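The values are calculated or read from the model by the stated rules, or taken from the named source; none is laboratory data. The shown structure was predicted, so the numbers you read here are calculated from the model rather than taken from an experiment. Positions of Cβ are backbone-derived with ideal geometry, glycine not excepted, and every protein chain shown enters the neighbour counts. Keep in mind that these areas ignore ligands, DNA and RNA; they rest on the heavy atoms of the full protein, side chains included. Shrake-Rupley method; radii C 1.70, N 1.55, O 1.52, S 1.80 Å.
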Amino acid sequence: MNRNECPHLALDFADRETVIATQNVKLAAMGQRLKNHPEWKEHLKTAGATPLDLMNRDNLAHIPTLQKSDLRARYPYPMLTAPIRDVARFCATSGTTGLPVLFGFTKHDWEVTLVRQLTRIFRTVGMTADDLVYQGYGYGLWIGGSSMDEAFRHYGMTNFPVGPGRGELMATWLKDHKYTATTMSPLWLSTLIGHARKAGINPKTDWALRVGLFGGQSVSTAFRNELEAQMPPGFKAHNIYGTTEAGGPILSISCDHSHASDEMHLINDDTVLTEILDPVTLKPVSPGEVGEVVVTTLDKEASPVLRWRTHDLVRLSKNPYSCACGRNGYPLIGRIIGRSDDMLKVRGVMVYPSQIEEIIAGVKGTTKEAWQIYVDSQEKELGQIEVAIERIAGAAASVADLEQEVQGQLKSRLGLTCTVVCHEEGALPRYEAKATRVLMRPPKSK
Ligand SMILES: [Zn+2]
């Protein structure tokens, strides 16, 4: 397909003004589409707004944000703007608490919009139709696996839709099938490397992977670097981020140039308008500052969202619009730092689990994938937390050295005073996809 045939393709290297102009046209069209929709009218009215306010972009700041509670209140098909007979399929968030919320996709949403968004991501990381792909995201109502399948088919790759699990088999198949690309959680890759080692397979020389999209779980940069070092030379673990509400794993991706500084382009900003807002004031943050990702789907026919609060926190790049790859219509953001509702407050010190992870990952001799935070109360303000780490078998540092080092750095870098307990490798839980880093522990009996 040449660039003239698909407007989406032509916009890969659009300048920022063109992206904004595209957003404005689509916002206005969305206003027209929603103007007679009772649920949307009712929702916007809570802030004195109407769908037709979207005709003028300046009004966007006055459009109310959308939260899970707004959708839960409209069970079972919240804000579904297409007749149900036109919905081709539903996806849902994992719903760790309460009922999952359903998001509909029309045939156009699934086979055109989503495919365009994902194939732009494939182009950005240099995946090609010749790639053999090991698809390792989960299936079912979760959007990860099924959305990748659809986009791989349109892009022309050869897909092995295995999903997560079957680690021993996959360590062998990676050697025998010579997959060149993959999509999975970074924690799963870490587990697979372990399976390979046990089977006498050396990923560096026996596997052929050259590129991967790693999402579903944000890990530290140090952990990513360590994974890459164990893989075939030149292998890149690209960080990908998205949400079901935004329409899939489509919001951001690192490119060959931003990979080193671990930043991602908001690569589909022409189809999902993304704001990075201060979680308290809801005002846009400046370059270099941390804010919450808030998304507005511009092309989605069924279950669109307007200013959906993801509660995911990121740092807007200090230089959002100057990447050497030239995709400067699409601002750069850092890795997900944490969720605005995951913040721990320990004796007045505010800290995110990802900050603790970054410190552990930087201490030589600790395992990167296994660590925990134990708390013993559900109070908002905690009196004490315990950070549990592991010592890599055979590391030069002793258990006591590592405890002291991590404890010292938590104090000096985060101002956090806490207990650090170091275990030998293998003692702490491992996670295949989403890790639960903060665990409640019943108070010790006296
Ligand atoms: Zn770039």
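Listing for the model above:
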quantity	calculated
Prolate/oblate/rounded label for segment 312-383 (Cα gyration tensor, a/c 1.5)	oblate
Lysines whose Cα lies under 17 Å from that of residue 236, excluding same-chain neighbours fewer than 8 positions away	178, 204
3J(HN,Hα) from dihedral phi, segment 360-374, Karplus parametrisation 6.51/-1.76/1.60, rounded to Hz, x for glycine, proline	4, 5, x, 9, 5, x, 9, 6, 8, 8, 10, 6, 9, 10, 10
Sum of side-chain charges, residue 181 neighbourhood, beta-carbon under 10 Å (Lys, Arg +1; Asp, Glu -1)	-1
Relative contact order computed over segment 290-432 (Cα-Cα under 8 Å; 6+ residues apart), in percent	17
Top of 160, 223, 103 by mean-square fluctuation, Gaussian network on the chain, Cα under 10 Å	160
Amide hydrogen neighbours beyond the local backbone of residue 289, cut-off 5 Å, H modeled	316
Accessible-area ranking of 134, 431, largest first, probe 1.4 Å	431, 134
Virtual spin-label span in nm between residue 436 and residue 424, 7 Å along Cα→Cβ	2.7
For segment 177-257, share of DSSP beta bridges that run antiparallel, in % to the nearest 5	25
Only Lys, Arg (+1) and Asp, Glu (-1) charged, at Cβ; the chain dipole about Cα centre in debye	420
Greater than 18 Å apart at Cα, pairs in 35/107; 175/364; 283/380; 345/368; 26/283; 345/380	35/107; 175/364; 283/380; 345/368; 26/283
For residue 106, residues with placed amide H under 5 Å, excluding near neighbours	88, 301, 302
Degrees separating the helix 16-34 axis from the principal Cα axis of the chain, which is the longest one	60
Distant-in-sequence amide H partners of residue 338 (H built 1.01 Å from N, under 5 Å)	313
Scaled radius of gyration (Cα, divided by 2.2 N^0.38 Å) that segment 260-368 gives	1.20
Percent RCO, i.e. relative contact order, over segment 72-166, from Cα pairs under 8 Å lying at least 6 residues apart	25
With DNA, RNA and ligands ignored, accessible area of residue 105 (1.4 Å probe; Å², nearest 10)	0
For segment 277-405, with +1 on Lys and Arg beta carbons and -1 on Asp and Glu, the positive-most of 337, 291, 387 along the dipole	291
Relative contact order computed over the chain (Cα-Cα under 8 Å; 6+ residues apart), in percent	13
Residue-count net charge about residue 238 - beta-carbon cut-off 15 Å; Lys, Arg +1, Asp, Glu -1	+2
Theoretical ellipticity at 222 nm over the chain - DSSP helices of four or more residues, -39500 (n - 2.57) apiece, nearest 500	-7500 deg cm²/dmol
Three-way shape call for the chain based on the alpha-carbon gyration tensor, with the a/c threshold at 1.5	oblate
Gyration tensor (alpha-carbon) shape descriptor, segment 58-164, a/c threshold 1.5	prolate
In degrees, nearest ten, helix 186-198 long axis to first principal axis of the chain (Cα)	40
Largest-first ordering by accessible area, 1.4 Å probe, given options 387, 290	290, 387
12 Å beta-carbon shell around residue 257, net charge (K/R +1, D/E -1)	-1
Sites residue 88 and residue 37 - FRET efficiency at Förster radius 22 Å, r taken between beta-carbons, to 0.05	0.65
Nearest-10 value in Å² for the accessible area of residue 84, using the 1.4 Å probe	90
